[in-house]
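The values are calculated or read from the model by the stated rules, or taken from the named source; none is laboratory data. Owing to the predicted nature of the structure, the values given are computational and were not obtained by experimental measurement. Because the Cβ atoms are built from the backbone with ideal geometry, glycine has one as well, and the counts that use them run over all protein chains shown.
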Amino acid sequence: MKTARILLVDDEVAFANNIAKLISKRGFEVKTVYDGESAIRAMDEIDFDVVVLDLKMPGLDGLSTLKLIKTKKPEVEVIILTGHGSMESGIDGIEMGAFDFIMKPVRFDDLHEKIREAFQRKLVQEELEENDRLTDAFMRKMD
Amino acid sequence: MKEVKSPNGEKPREKHYSRLYRKFVLLTLISSLVPLLLVGWGIYIYYSNFSRDRMNIYFQGQVESHRKIIELFLSERTHDLQLIGQTHSLDYLQKESNLRKVFSVINRQGQYFTDLGVIGEQGRHLAYIGPYNLMDKDYSQTFWFKELMKKGIFISDMFLGFRNDPHFIIALLGFEGERPWILRASINTEYLRSLVENVKIGNTGEAYLVNQTGIFQTSPRSSGKIMGSSPLPVSLFKEDSGVRIMGRDGDQSRWPLSRQIVAYAWLKEPHWLLIVKQDYSEALRDVNHANQATLIFLHLSLLGIIIITAVITRTMIKIIQKRDRESDQLNKQLMQAGKLASLGELSAGVAHEINNPLAIILTENQVIRDSLEEVPGLDEAFRRELMESLSQIDTQIQRCTLITHNLLRFSRRTKSIIEMVDLNAFLKEVTQLMDGRARGMGVQFLMDLEKDLQPILSDPSQLQQVFLNLITNAIDAHEGRPSGTIRISTRTDLQKQGVEIVVADTGSGIPAHNLERIFDPFFTTKPVGKGTGLGLSISYSIIKKLEGEISVQSEMAKGTRFTLFLPFRPLTDSRRNGPEALGQTSFQDFRKEAKK
C-alpha cells in the first residue's frame, strides 16, 4: 500500500515536531514546516496526500494558505487545527474545501484517526478518478 | 462616562439641580410675568386715562349747561327790564300804582325780582316797589350809578348796598326827552343761588360763582360764604371754559386743598366765573375701585404664576433627577456589560494561549508512551506505574481543556443567536459556573431534570444571563443562613408546547409588597452599589422576547420560586442562516452539522 505523505504546518515548533515524530512512527512520511509560505514551497516540491494546517500563524495565515493549496492541488486533503476561539474560521475552512477541523489541544490518537480518514478519502478519490479515466478511455476506444 | 454616585459627586449634582431650578424659575417668571405686567399696567393706564377723559367730559358738560341756564336767566331778566323801559313812559312809571302793576306782571312767572325802582337823574327814587325803605337814599355816588351813566345798561356783582344784604341789580338808562331816568331792579338772590347751589355731585361736589376779583357770588357748599373771598385765585382760569385737576401733582403750590377736579366757565354778562368741582378721589371712586380690582387680580395672578412655576419646576427637576439616576444606573449597567465583554475577550485570549502549551504537553505525553513501548525488558510494575501516571496527566489535561473550552464558550456567548439548546446540558453548565460561589455560601444545587428533554430553539447567551441572574439572586437570598438548596427542575409541557423550568431556593423570601415590583427596573433591595435593580427586569424582558413566561411565588423565611416557560420553537424564528445557526450547544453535534 502507498505510504501517506503528510505535510505538517504549525508555528508552534515543539508541537509540530512532536506530532511529526509520532506520525512518522506510525508509518507516514512527514515533512514539518513552521509557516504558510514554506508550506506552499513544500507543496511545489512534493505531492503530499494530507496537510495538517494550523490556522493561527504569523505571516501567511491558515485560511490564506488553505486557499493557495486548494488552487494549486485541489486533490490534497487538508485537516485544520484550530483553537476554540476561531471555530468559525474552522467552518470557513471546511467551506473552502478542507476535509475537517480539529480543536487544539488534541489527543494524538484523535489526530491520527483524522489523518487516516483523510488519507483514506484521498485514496478513494484517486481510485474514482482512475476509474473515470479508464472508463473514458474505454468509451473512446469503443467509439 | 462620568460616575456621579460617589458621596463626593453628590454635592455638585445637588448644586447643579438647585442652579437649574433657579434658572428655570427665573426664566419662566420673566417670560410669563413681563407680558402679564405689561398688559396689566397697560390696561390700568389706559383705563385710568379713559375714565379721566370721561370725567372731564362730564364736568365740562355740567359747567357748560349751568352756564347756559344762568346766562339765559340773566338775559331774560334784562329783557324784562328793557321791555318795560321801552314800552312805558317815565310819567307812567313814576306813579306807584302803575309801577306796582308792572312789578306784578314781571314777577308773574316766578319771584325773579326782589324790587323795582325808578330813579331820577339826581340819583333818588321817583318810585319804588319792594320790601326795603329806599325812597330817601341817594344813589348818585354809588359805583353802579356811575357805570350805568357810561354804559346805559348795567348788571352789578353781589354787593350789600343800603339794605345791607347781599344782592345784585340790573339797571338801565332811559330818556324822557333830554332828561335821563333809570329803571333799576334787584334780582331775587335766592333764586339765582338756587340755580347754582343746587348742583349736587356726590358728597364733595359743589358749584358756585365768583366775580373777577375772586369774591363769592353764591355760597359754596363747603369752601366759603357769599361775599367771602375765594381761596382759588381767579387768575388761574384764563380760558373761556375748561376742566382742570388741581392739587398734588397739578397746581399744588397754589392749591392748598385736597386734590380736586375743577370745571369752570366764564359768564358773558356779568363777567362771573362758574365753578363746578369735586374731590378727585370721590369723582374717580368707581374707577379706582375697578382699578383696585384689576390690580388685586393682577397680583393674585402673579402670585399664582409664581407658585405654579415653583411647583412645576420642582416637579420637572425631580423628573430630571430621576432620569439622571436612571441614566447613571444604565451607565453602570453599560460599564458592567463592557467589563463582561472585555472579561470575555481576556478569558478567550488566556484560554487560547493556554491551549497551545496544553497541546504540546499532550503530544509529549504521547511521545513518552510511544517511547516506552520501544524500551525492552522494562520492569512490568514500573511500566504499569508509569503508564498510570501518564494517563493521569492525560486526564488532568482533559480537565484543563474543559475549563478553557468553557471559558471560550463564555466569551462567545456575547452574540445573540437563536440556536438549538439542550436545556438540561445548558442548566448544568450554568450551575457549574456558579457552583463555587454557591458552595461558599453553603448552598447546594439540586438538579431535577427530565430525561430525554426535547431541545428548544432559543438564544443560549440570553438564557445564560437570565439563569445567572436567577441563581445569583437565589444564592444571595441565603445570606445569613448556614445552608440551603437551590432546586432546578425541568419538565416538558406538551399542552403549551414548551419546557417549564423552576428555580426554587430555600432563602429568606420576598415580602408580598415587594413581590409585585421585583420585575420593575431599578427596584432593588440590595444595599447601594451591590445591585443595579436591573437584573430581573432584564431577565423578564429577555424571557418575553423569547416568547416565554416568567412568574414568581415567595413565602417569607421559606424561599422563593421562579417558574419559567420557554416554547420549543418561538413563532418569530429569527435563526440566522449559516452553519452556526444549525449548530447545537454540544460541540460534537455542532461539528456533525457543519460537515453536512
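The number of residues in segment B:257-279 that are within 9 Å of residue B:204 (Cβ to Cβ) and buried (at least 19 other Cβ atoms within 10 Å of the Cβ) comes to 4.
The helices (runs of 4 or more DSSP H) falling completely within segment A:1-119 that include 2 or more residues that are more than 9 Å from chain B (Cβ to nearest Cβ), crowded, with 23+ Cβ neighbours inside 10 Å and under 11 Å from the mean Cα position of the chain (by Cα) map to A:62-72. From the list B:456, B:486, B:475, the lone residue that is touching an Asp or Glu at 6+ places or on another chain (Cβ under 6 Å) and either β-branched (Val, Ile, Thr) or under 26 Å from residue B:348 (Cα atoms) (or both) is B:486.
For residues in segment B:349-367 being facing chain A (nearest Cβ under 7 Å) and farther than 12 Å from residue B:401 by Cα, which is surrounded by the most Cβ atoms within 10 Å (Cβ to Cβ)? The qualifying residue surrounded by the most Cβ atoms within 10 Å (Cβ to Cβ) is B:363. Would you confirm whether or not segment B:71-90 contains a residue that is touching a Ser or Thr at 6+ places or on another chain (Cβ under 6 Å), closer than 18 Å to residue B:168 by Cα and crowded, with 20+ Cβ neighbours inside 10 Å? No, that holds for no residue.
Taken together, B:385, B:380 contain a single residue that is modelled with pLDDT of 90 or more, more than 9 Å from every other protein chain (Cβ to nearest Cβ) and more than 60 Å from the chain's Cα centre (by Cα), which is B:385.
Looking only at segment B:159-171, which residues are outside any strand (DSSP E or B) and modelled with pLDDT of 90 or more? Correct list: B:168 only. Reported count of residues in segment B:233-259, each being at pLDDT below 60 and in a loop (DSSP other than H, G, I, E, B), is 6.
Starting from residues that are farther than 16 Å from residue B:396 by Cα and modelled with pLDDT of 80 or more, keep the ones in segment B:350-368 and report whichever is nearest to the chain's Cα centre (by Cα). For segment B:350-368, the residue satisfying everything is B:350. What do you reckon, is residue B:67 more than 28 Å from residue B:274 (Cβ to Cβ), in contact (Cβ under 8 Å) with a residue 24 or more places away in the chain and assigned to a helix (DSSP H, G or I)? No: the conditions fail for residue B:67. Considering (1) of a type in the set (A, V, I, L, M, F, W, C); (2) touching a helix residue (DSSP H, G or I) at 6+ places or on another chain (Cβ under 8 Å); (3) at pLDDT 80 or above, the lone condition that residue B:410 does not fulfil carries the number (3). Restrict the check to segment B:558-577 and report whether at least one residue is at pLDDT 80 or above, β-branched (Val, Ile, Thr) and either farther than 30 Å from residue B:478 by Cα or in contact with a strand residue (DSSP E or B) (Cβ under 8 Å, 6 or more places away or on another chain) (or both). There is at least one residue in segment B:558-577 that is at pLDDT 80 or above, β-branched (Val, Ile, Thr) and either farther than 30 Å from residue B:478 by Cα or in contact with a strand residue (DSSP E or B) (Cβ under 8 Å, 6 or more places away or on another chain) (or both).
Based on what the data block shows, is residue B:326 in contact (Cβ under 8 Å) with a residue 60 or more places away in the chain and within 14 Å of another protein chain (Cβ to nearest Cβ)? For residue B:326, the condition - in contact (Cβ under 8 Å) with a residue 60 or more places away in the chain and within 14 Å of another protein chain (Cβ to nearest Cβ) - is not met. Which numbered condition in (1) part of a strand (DSSP E or B); (2) out of contact with any helix residue (DSSP H, G or I) (no Cβ under 9 Å at 6 or more places or on another chain) is the only one that residue B:499 fails? Here residue B:499 clears every test but (2).
Which members of segment B:546-557 meet the condition of being outside any strand (DSSP E or B) and either in contact with a strand residue (DSSP E or B) (Cβ under 8 Å, 6 or more places away or on another chain) or closer than 16 Å to residue B:499 by Cα (or both)? Hits for segment B:546-557 are B:546, B:547, B:548.
Which one is nearest to residue B:194 (Cα to Cα) among residues in segment B:115-127 that are touching a Gly at 6+ places or on another chain (Cβ under 6 Å) and touching a residue at least 24 places away in the same chain (Cβ under 8 Å)? By that ranking, first place goes to B:115. When segment B:161-220 is filtered for residues that are at positive phi and of a type in the set (Gly, Ala, Ser), the ones remaining, listed by number, are B:161, B:177, B:202, B:214.
Yes/no per residue for (1) part of a loop (DSSP other than H, G, I, E, B); (2) surrounded by 14 or more Cβ atoms within 10 Å (Cβ to Cβ); (3) hydrophobic (A, V, I, L, M, F, W, C):
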site	(1), (2), (3)
B:173	no, yes, yes
B:180	no, yes, no
B:183	no, yes, yes
B:192	no, yes, yes
B:203	yes, no, no
B:208	no, yes, no
B:219	yes, yes, no
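Kindly indicate whether residue B:97 is farther than 12 Å from residue B:171 by Cβ and out of contact with any Asp or Glu (no Cβ under 9 Å at 6 or more places or on another chain). Yes. Hey, any hits in segment B:142-149 for a residue that's in contact with a helix residue (DSSP H, G or I) (Cβ under 8 Å, 6 or more places away or on another chain) and not in a loop (DSSP other than H, G, I, E, B)? The answer is no; no qualifying residue exists.
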